[in-house]
Amino acid sequence: MSFWAAIVLIVAIVSIAQVMRAKQNASAGYATDEDGNPIRLDRGDEDRMRAEIAELKERIHVLERIATDDRQSVGLAEEIEKLRDRREV
């Protein structure tokens, strides 16, 4: 086995081990912090994260509408305010 083949094999083994560990942690209800260490989430954290994800998806939707709409008669600030007002209703 050549030197480079051994390096590729080692990298592949480490990568597969990390993926398997992350999958096992996710199935057990763990998330990871910034350092990659598993942390246990309770139901309140999960609900809070789901609400935050829903809010972020709504923001992305608003930004996509601003970026793709070709209406030039309304200023950008006015368009943002209209979309915000619609979201709050």
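The values are calculated or read from the model by the stated rules, or taken from the named source; none is laboratory data. Computed from a predicted model, the values in this text were never measured in an experiment. With ideal geometry, Cβ positions are generated from the backbone for all residues, glycine too; neighbour counts draw on all protein chains shown. Ligands, DNA and RNA are excluded from the accessible area calculation, which covers all protein heavy atoms including side chains. Shrake-Rupley method; radii C 1.70, N 1.55, O 1.52, S 1.80 Å.
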Of I80, A6, T32, which is farthest towards the positive pole of the chain's charge dipole, taken about the Cα centre with +1 and -1 on the beta-carbons of Lys, Arg and Asp, Glu respectively? A6
Could you tell me the accessible area of V11 in Å² (1.4 Å probe, neighbours in place), rounded to the nearest ten? 80
Rounded percent of accessible protein surface that carbon and sulfur make up, the chain, 1.4 Å probe: 58
If you take all C-alpha pairs in segment 1-49, what percent of them are over 15 Å apart? 59
For T32, what residues show an amide H to amide H distance below 5 Å, using hydrogens built from the backbone and excluding near sequence neighbours? I39
Given Cβ point charges of +1 (Lys, Arg) and -1 (Asp, Glu) and nothing else, what value in debye, to the nearest 20, does the dipole of the chain about its Cα centre take? 400
Can you give me the orientation-averaged projected area of the convex hull built on the Cα atoms of the chain, in nm²? 10.9
Accessible area (Å², 1.4 Å probe, nearest 10) - K57: 140
Using θ = phi - 60° and the Karplus form 6.51 cos²θ - 1.76 cosθ + 1.60, what ³J(HN,Hα) does each residue of segment 78-83 get, whole Hz, x for Gly and Pro? 5, 5, 4, 5, 4, 5
So what is the 222 nm mean residue ellipticity for the chain from helices alone, if each DSSP H run of at least 4 adds -39500 (n - 2.57) and you divide by all residues, rounding to the nearest 500 deg cm²/dmol? -25000 deg cm²/dmol
